[in-house]
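The values are calculated or read from the model by the stated rules, or taken from the named source; none is laboratory data. Just so it is clear, the structure is predicted and the values come from calculations on it, not from any experiment. Virtual Cβ from ideal backbone geometry, glycine too; neighbours counted across all protein chains shown. For the accessible areas, the whole protein counts, side chains as well, though only heavy atoms, and no ligand, DNA or RNA atoms are used. Shrake-Rupley method; radii C 1.70, N 1.55, O 1.52, S 1.80 Å.
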There are 4 protein chains.
Amino acid sequence: MAGNSFGNIFKLTTFGESHGEAIGGVVDGCPSGLKLNIDYIQSELAKRKPGQSKIVTQRKEDDKVEILSGVFEGLTTGTPIGFVIKNTNQKSQDYSHIKDKYRPSHADYTYETKYGVRDYRGGGRSSARETACRVVGGAIAKQVLQHYGIKIDAYVSQVGELKVIKHYSELDLSTTYNNAVRCPDEHLVEMMFNYIDKVRKEGDTIGGIVSCVITGTPVGLGAPVFDRLEADLAKSMLSINATKGFEIGSGFSGITQKGSEHNDAFYTSIPLSDQSSKEVRTRTNKSGGVQGGISNGEDIFFNVAFKPVATIMQKQNTVNKDLEEVEITGKGRHDPCVLPRATVIVESMAAMVIVDHVLRNRTSKLIIDN
Amino acid sequence: MAGNSFGNIFKLTTFGESHGEAIGGVVDGCPSGLKLNIDYIQSELAKRKPGQSKIVTQRKEDDKVEILSGVFEGLTTGTPIGFVIKNTNQKSQDYSHIKDKYRPSHADYTYETKYGVRDYRGGGRSSARETACRVVGGAIAKQVLQHYGIKIDAYVSQVGELKVIKHYSELDLSTTYNNAVRCPDEHLVEMMFNYIDKVRKEGDTIGGIVSCVITGTPVGLGAPVFDRLEADLAKSMLSINATKGFEIGSGFSGITQKGSEHNDAFYTSIPLSDQSSKEVRTRTNKSGGVQGGISNGEDIFFNVAFKPVATIMQKQNTVNKDLEEVEITGKGRHDPCVLPRATVIVESMAAMVIVDHVLRNRTSKLIIDN
Amino acid sequence: MAGNSFGNIFKLTTFGESHGEAIGGVVDGCPSGLKLNIDYIQSELAKRKPGQSKIVTQRKEDDKVEILSGVFEGLTTGTPIGFVIKNTNQKSQDYSHIKDKYRPSHADYTYETKYGVRDYRGGGRSSARETACRVVGGAIAKQVLQHYGIKIDAYVSQVGELKVIKHYSELDLSTTYNNAVRCPDEHLVEMMFNYIDKVRKEGDTIGGIVSCVITGTPVGLGAPVFDRLEADLAKSMLSINATKGFEIGSGFSGITQKGSEHNDAFYTSIPLSDQSSKEVRTRTNKSGGVQGGISNGEDIFFNVAFKPVATIMQKQNTVNKDLEEVEITGKGRHDPCVLPRATVIVESMAAMVIVDHVLRNRTSKLIIDN
Amino acid sequence: MAGNSFGNIFKLTTFGESHGEAIGGVVDGCPSGLKLNIDYIQSELAKRKPGQSKIVTQRKEDDKVEILSGVFEGLTTGTPIGFVIKNTNQKSQDYSHIKDKYRPSHADYTYETKYGVRDYRGGGRSSARETACRVVGGAIAKQVLQHYGIKIDAYVSQVGELKVIKHYSELDLSTTYNNAVRCPDEHLVEMMFNYIDKVRKEGDTIGGIVSCVITGTPVGLGAPVFDRLEADLAKSMLSINATKGFEIGSGFSGITQKGSEHNDAFYTSIPLSDQSSKEVRTRTNKSGGVQGGISNGEDIFFNVAFKPVATIMQKQNTVNKDLEEVEITGKGRHDPCVLPRATVIVESMAAMVIVDHVLRNRTSKLIIDN
């Protein structure tokens, strides 16, 4: 109810402010018997960590996760997995410029009004630092999904006007994390990098798109009516800081198509895994892998729009707590573009949505066959 | 968990298939003491009803709501409001063409696989008929919101390539329901109507956009992290049949903007309602009324992308239950364009999200002042 | 949140007042593929129905359930099962004696204060009539449990001072519903019947105990910490009107025992079903079938204390809406003892708790084996 | 769903095993603006801490709580309060005697079967150590309740056959924590102490009753039907380790009473706080402060039955993982009677139930007046 939990069966609850003692969380409902790889969790956190290149914030955060419970002799026990990430870099900063002033397009004013009090240091709870806990939850979820052969790959597909034109099937998504931009289209990487760097030097910021592909999902994930798979994905994505839009399959481009162009014709195919069987496939995938709110076995793909980061190194007009009109100028080490650090967050949220529906789907039929 | 409930405090649970006895639902958590106008609920249902013009399906459905509980001497009592809408037009149809064949881009195949059984008549639970219950929930929610001076207006802003260019503030949103298209831009109404009619005659369908504006919201609706107001709105919209995208404020167009262009500068203003006070406003509203996941008092506005309706009156390739490749042709009375009937559904879902957060927000502070 | 839903995966939501149009509800999360026997639901309702003998209320209520959705060609489809029970006997009564007066030990005063308005007719939402919907939910749950070989038997074990001394294993629980008292101890039936009838003639009421035995549960139902099986059973029982206590296994009698007497020693046994295997059993069952909050495969048994019905045919002191001290006398047709009609309600609530945990338990392990 | 969260609006999620790194939790939904006294939380933990006298376990646990988030400059901010309690005393123990053997009446066998794996050290998640986190949640809840003048007092009212006969109104409940037994009846303290000590020397354990009184509750807490206040209290109590029963008001003793004896007659009274007003009171309080599931403003009181602790220092028969019948003898430092350490846990769970319903109740009416 207070908004710090996500999921139904596989549920992540997080806590922590940017400059408090620590951030952390609890993953409840992770099935028992999973060989949990903690190095993998740490490597996922590394993808989100600040300071990896000059186009992201130069803050130094170790983001060292400590797993406190729920794992015994390397296996998950079915009990809650508690974890903390200490805040190690928060001591000496000066927040006088934001203590009493509301930063434009930030959460300062809305938090202050909603709660009557706010931890202004580094944005407090509204800081993107909170997303590190999502990555921990997502890294656990991904390990559950490995058992099902489900894989999730997000990548930066647009920065400002620079846009990946190729379909994801023409890209090698295993190369995404080889570059600082997190773009698998080698022709665009340098241009995107230089563009973000130029924006950074101007003290400005820029938005873009993260695309995401989920492969290997069985038919049947998602629930009718209110908990359609795309509804839960949309919520998960719009819950990430700085997101302004979500589209699945044909998305906003589908609005100009006619039904005769947009429908995905069914056909049958012989799967590689079992050549004596037949499976139902679709010729096209305008649906984006979801029909009637339920996965149809095709790839799930969607786009997430990110606005430019609100903190800029330029003078802006704003209002202070005494309701006086004042000026404010950004300070400190901020991201000129949130996208390179956002891909792993998008993957993490998607992973938690999918795991949750995999577990929910086990309860759909009287006789279990999945 | 099975996906037929929506909301936390103000909660709608629905049931019913297209061709069963009745559809219906329960609104639990509606505050007591509301003078419930049942004629208003009926008038909202009328906006969604089939058969209103030649550009929507010609099915005859009365959609007469019966309120069974929760209201006494005209006032809500705080107990659940049960309601049913009888299915009156479902007797004589012939479903042999879909009983064993999976209609492309419909829910037939995914439901069959997920549950092992499906009510194929008219799409069963996956039929858009289910949305009538959302309209009942929304019409109750809207009456709660009237007490807070909150108003919700959705309208058709694009059909295929035909697009409303004007900003919503330049339109008279009170005229939306005066025409069959549900478009408040009088210059476009006829064009849109004729275009949809042309598509209909071709046995085809077309997509488009519904835009929505929410005015009068206080500062403070929404919760940090996972239950941001835009996340809950996104989920609510992507839970509607045929939606493929959601964007709030600047949305997908914000991705090419820089922070210096995109940020909404704060200033102070003297509200009309109390000229001795001051209020915090923003010069622009790229945020779409939500900052840090919480409403900032500005108008909330968002767009929802609808794909073309999947049922077309043309021959298509598909697969049957025996996994044979077959052909299928649409029959019956279907919508060439879902948009004219969707505006009230969009408003209804938005209304339920907002009421839920209004009630949730009452629990935020130790000392209540809202 | 408003308290009209029960369960997590198998969830019942109910609505309806004693003298409104109808009562009803929605069962969401019932697995698909269940051959639903509606006659069985009706026969369960008959066990709770008024007017079955002179020791229960003489009201005439048909309690005819209408299933509106979720079933197709006799099978559950995995979609919500909506149902209504019309109120047929509510027209002509006179409620002037309770409209403005608060009946002692009833919900009149608390509802009025909480909500500012109440449907006083027949107690409105607080009427025990609401429990008919629980019986519908329970009758569906019991049919799911049949697939697991799980059986639930409740019976009246005490009325006033008249108490069944025998252990449940010495009773033939299949005879419980053969008599009007719902007591399987034939030696006590007549005494109990006559005692209740005597109390009735005095215009008074009497309390008692319903005992309940659940057989056939697998090991593993229940969740650690907050959702222990006994915790969920306790909640379910204390949610029934007129209950004041719950005890499981040794219950309140266990408090005077020492650990050395109370502990249930484990041993191994060869099950009849598979003579090549071994199973873990306990010599005694003070635990009542639950250890560490999780079922251990032994019988689950518990007692529920019911207070005497609050409506008596005698003059009592009370207060009216204007806060004046006044007298009130019961009118109409009421139960002198709630127990005979309560056994099926106890069974129904227990069945819903067990089904919910059976489904929840499917999500406990990475590799499913249940 | 996995059972490690409690509450709806004020929600506690806990994690941690007896011998892992740490236990801890998250309180989400605590209202903002509360001056949080952390010393008070620590003093509450001290009431539950082992080693306080010779009649409780001699383990040394510091139980030092670290608050990691949700508090800024002494005030709660409305964001989640994360906390950990390090496990400091878990290093050197020898668990070989329970690694492969199932302790009778413990959770070893059920956890092992449910999850396929368990952390056997000290009972892992099933250890009563987990209740320290409930005390943290309760200590925060109690501070919220202070603002409403609501007070919660639990005490040991029975140990074995030694029973407090006096009504709670005849006892000075402020003296409960002055003695090691936690009994406010000075005539019984020494007898109870000596009795527990005698049982301890025998290597045995004994059960008893904790009684609890809640004063100062407003009329209106609790929800109709499934979330009755007594239902939520019952669940909260039966979720505590070693509890076997719950009764409210007249409880099990009410079953032999007639309605004419049991009903609580209403009258009006002039409250001390406002002598110009009138309030509704009841002459007796068999209801235990709850009518129709909703608080009526009278004291809420209930009893909780605790069985004897399962770990005894005597030889017992049991079964090992290979399903061989073996013997087991308790080792280590255990409680001969759980009651002295349980009173604060009972208070904590009750406090969380009450706070949750105080916040829920803010959403009941269209016009807020509470």
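Take chain D, connect every pair of alpha-carbon atoms lying under 10 Å apart with a spring to form a Gaussian network, then pick out the residue of D:326, D:84, D:199 with the largest mean-square fluctuation. The residue with the greatest mean-square fluctuation here is D:326. Checked against a 25 Å cut-off, the cross-linked pairs A:244/B:307; A:11/A:60; B:151/D:35; C:47/C:163; A:278/B:331 give Cα-Cα distances beyond that limit for A:11/A:60; B:151/D:35; A:278/B:331. Temperature 20 °C, viscosity 1.002 mPa s: under these conditions the Stokes-Einstein estimate for chain B, based on its Kirkwood radius over C-alpha pairs, is 98 µm² per second. To test your reading of the geometry: what angle, between 0 and 90 degrees and rounded to tens, separates the Cα axis of helix D:229-238 from the longest principal axis of chain D? Computed tilt is about 10 degrees.
Between residue A:175 and residue D:215, the FRET efficiency estimated from the beta carbon spacing at R0 = 60 angstrom works out to 0.35. Counting other C-beta atoms within 10 Å, and keeping those with at most 16, which DSSP coil chymotrypsin sites (Phe, Trp or Tyr not before Pro) do you find in the range C:147-179? Counting only loop positions with at most 16 other Cβ atoms within 10 Å, the chymotrypsin sites (Phe, Trp or Tyr not before Pro) in the range C:147-179 are C:148.
Comparing the range A:262-365 with the 2.2 N^0.38 Å rule of thumb, its C-alpha radius of gyration ratio is 1.81 (two decimals).
In this simple spin-label approximation, residue A:201 and residue C:265 carry label points 7 Å from Cα along the Cα→Cβ vector, and these lie 8.5 nm apart. Rounded to the nearest 20, the Cβ-based charge dipole of the protein assembly as shown about its Cα centre (Lys and Arg +1, Asp and Glu -1) stands at 0 debye. Considering only D:207, D:116, D:220, the Gaussian network model of chain D with Cα springs below 10 Å gives its largest mean-square fluctuation to D:116.
Excluding residue A:248 itself, what net charge comes from residues whose Cβ is under 9 Å from its Cβ, given Lys and Arg +1 and Asp and Glu -1? The answer is -1.
Nearest to the axis that brings chain B onto chain C is this chain B residue, judged by its Cβ, with the distance in whole Å: B:13, 2. By the gyration tensor of its Cα atoms, with a ≥ b ≥ c the square roots of the eigenvalues, what is the shape of the range D:1-55: rounded for a/c under 1.5, prolate for a/b over b/c, or oblate? Because a/c hits 1.5 or more and a/b fails to exceed b/c, the range D:1-55 counts as oblate. Interface C-D: total buried accessible area of about 8800 Å², 1.4 Å probe, protein heavy atoms only. Peptide C:18-24 has a mean shielding of 5, counted as Cβ atoms of other protein chains within 10 Å of each residue's Cβ. For residue D:183, the accessible surface of its heavy atoms amounts to roughly 0 Å² (probe 1.4 Å, protein chains only, rounded to the nearest 10). Distances between equivalent label points of residue C:277 across the copies, with each point positioned 7 Å along Cα→Cβ, amount to 2.6, 6.4, 6.8 nm, shortest listed first. Only protein atoms count toward the accessible area here, which uses a 1.4 Å probe; on the range A:1-139, the carbon and sulfur part of that area reaches 48 percent.
Give the angle, between 0 and 90 degrees and rounded to the nearest 10, that separates the Cα long axis of helix B:131-146 from the longest principal axis of the Cα atoms of chain B. So the inclination is approximately 10 degrees. For residue D:173, neighbours were defined as the other residues whose beta-carbon sits under 12 Å from its Cβ, and their charges (Lys and Arg +1, Asp and Glu -1) total -3. A label point on residue D:194, set 7 Å along the Cα-to-Cβ line, lies at 5.0, 9.3, 10.5 nm from each of its counterparts in the other copies, closest listed first. An ellipsoid equivalent to the range D:54-167, defined through the eigenvalues of its Cα gyration tensor, has semi-axes of 32, 24, 14 Å when rounded to whole angstrom and sorted largest first. Per residue, the convex hull spanned by the alpha carbons of the range B:1-129 comes to 130 Å³. Students often get this wrong: which residues of the range B:98-136 have the backbone nitrogen under 18 Å from the point 7 angstrom along Cα-to-C-beta of residue C:35? Residues B:116-118 qualify, since their backbone N sits under 18 Å from the label point. Here the Karplus relation 6.51 cos²θ - 1.76 cosθ + 1.60, evaluated at θ = phi - 60°, turns the backbone of the range B:251-256 into coupling constants of x, 5, 6, x, 6, 9 Hz, with x for every Gly and Pro. Placing unit charges on the Cβ atoms of the charged side chains and taking the dipole of chain D about its Cα centre, the candidate lying farthest along the positive direction among D:165, D:342, D:57 is D:57. Here residue A:146 yields copy-to-copy label distances, from shortest upward, of 4.5, 4.9, 5.8 nm, the label point defined as 7 Å from Cα along Cα to C-beta.
Positive-end ranking of A:18, A:34, A:82 along the dipole of the range A:1-95, with charges on Cβ about the Cα centre, is headed by A:18. Computed with a 1.4 Å probe over protein heavy atoms only, the accessible surface of the protein assembly as shown comes to 32 Å² per residue. When the surface is traced with a 1.4 Å probe over the full set of protein chains, residue A:75 keeps roughly 60 Å² accessible.
Between B:140, B:328, B:270, the GNM of chain B built on Cα springs shorter than 10 angstrom shows B:270 fluctuating the most. The orientation-averaged projection of the convex hull spanning the C-alpha atoms of the range D:150-231 amounts to 7.1 square nanometres. Interface burial in the range D:275-294 reaches 20 Å² or more for D:278, D:280, D:287, D:291, D:292, D:294, comparing the full protein assembly with the chain by itself; accessible area from heavy atoms with a 1.4 Å probe. Across the options C:137, C:72, C:122, the greatest Cα extent toward the positive end of the charge dipole of the range C:1-138 (unit charges at beta carbon of Lys, Arg, Asp, Glu) belongs to C:122. What the Cβ-Cβ distance of residue A:191 and residue A:73 gives, at R0 = 45 Å and to the nearest 0.05, is a FRET efficiency of 0.35.
Assuming charge only on the beta carbon of Lys and Arg (+1) and of Asp and Glu (-1), the dipole of the range A:148-203 about its Cα centre is about 180 debye to the nearest 20. The simple spin-label model puts a point 7 Å past each Cα toward its Cβ; for residue A:58 and residue D:278 those points are separated by 7.6 nm.
For chain D, the dipole from Cβ point charges (+1 on Lys and Arg, -1 on Asp and Glu) about the Cα centre works out to 360 debye, to the nearest 20.
Can you send over the carbon and sulfur percentage of the accessible area for the range A:203-273, probe radius 1.4 Å, protein chains only? The partial results should precede the final answer.
Working: 740 of 1400 Å².
On the range A:203-273, the fraction of accessible area on carbon and sulfur atoms equals 53 percent.
Every pair of different Cα atoms in the range B:96-224 enters the Kirkwood calculation, which places the hydrodynamic radius at 18.0 Å. Short to long, the 10 Å bins of the Cα pair-distance histogram for the protein assembly as shown hold 1, 8, 16, 22, 21, 16, 10, 4, 1, 0 percent of all pairs.
Please report, as a whole percent, how much of the solvent-accessible surface of the range B:303-362 comes from carbon and sulfur atoms (probe radius 1.4 Å).
44 percent
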